[in-house]
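Please read the structure below before turning to the comments.
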Ligand SMILES: CC(C)(COP(=O)(O)OP(=O)(O)OC[C@H]1O[C@@H](n2cnc3c(N)ncnc32)[C@H](O)[C@@H]1OP(=O)(O)O)[C@@H](O)C(=O)NCCC(=O)NCCS
């Protein structure tokens, strides 16, 4: 499923392998989600860990934040649920599976009393506009509805707020640039 969901990243081996998935399940089983058909076929998945970013919108890379994909820096005392990846198999897209996965992540944020969910997502179609505008301009146009992007629009529809561009997040010729997003827990109260 990873290979078919991320065909270009798969060419550079930037997808999950069994040893990484086993490590995610070992360090933070509650944070790993799959959507499966009745026969067990996995059609969607999302991997998460908990951390605290200092400062709260610190520049980071995918490799650094995920401990090279292993989640070994997962910190149960952190304040943010970090979305390391989310994907729906191409044959099953636009059926609400991705939003269902986000729903499950939001429930986890509420259940664990975390302050927010944060992640880095691809500017999926930016490559088609890169000769005409910067990544920030592209993001602005998606935010104000002039352009539609399968990943950025999906994140915004799921209640995320665009934070900033992360240019060196991950080598990915498909999107070239990534955007960071956050979703704030509406029930979170700071203790005095
Ligand atoms: C981003 C991604 C996970 C979305 O998954 P998905 O299962 O298609 O998500 P949803 O079905 O919940 O939403 C997708 C769109 O379908 C629409 N949709 C949902 N249910 C629908 C239905 N029953 N009928 C028609 N449209 C529907 C949603 O409104 C949404 O529209 P939008 O593009 O305007 O936001 C998927 O496109 C993907 O795997 N992309 C490749 C991997 C990737 O880049 N992941 C993100 C970075 S890690």
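The values are calculated or read from the model by the stated rules, or taken from the named source; none is laboratory data. Since this is a predicted model, take the numbers as computed values, not measurements. Counting neighbours? That spans all protein chains shown, and the Cβs are built from the backbone with ideal geometry, glycine included.
Okay, here's what the table says:
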quantity	calculated
Test: residue in segment 53-73 that is farther than 24 Å from residue 166 by Cβ, at pLDDT 95 or above and surrounded by 13 or more Cβ atoms within 10 Å (Cβ to Cβ)	no
Qualifying residue in segment 78-93 (condition: within 16 Å of residue 185 (Cα to Cα) and part of a loop (DSSP other than H, G, I, E, B))	yes
Condition check for residue 37: in contact with a strand residue (DSSP E or B) (Cβ under 7 Å, 6 or more places away or on another chain) and exposed (fewer than 15 other Cβ atoms within 10 Å of the Cβ)	yes
Search result, residues across segment 140-160 that are out of contact with any helix residue (DSSP H, G or I) (no Cβ under 9 Å at 6 or more places or on another chain) and either closer than 17 Å to residue 106 by Cβ or near the ligand (Cβ under 8 Å from one of its atoms) (or both)	150, 151
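Residue-by-condition table, conditions (1) modelled with pLDDT under 95; (2) within 8 Å of the ligand (Cβ to nearest atom); (3) surrounded by 13 or more Cβ atoms within 10 Å (Cβ to Cβ); (4) not in a loop (DSSP other than H, G, I, E, B):
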site: 109; (1), (2), (3), (4): no, no, yes, yes
site: 117; (1), (2), (3), (4): no, no, yes, yes
site: 124; (1), (2), (3), (4): yes, yes, yes, no
site: 127; (1), (2), (3), (4): yes, no, yes, yes
site: 181; (1), (2), (3), (4): yes, no, yes, yes
site: 188; (1), (2), (3), (4): yes, no, yes, no
site: 191; (1), (2), (3), (4): yes, no, no, no
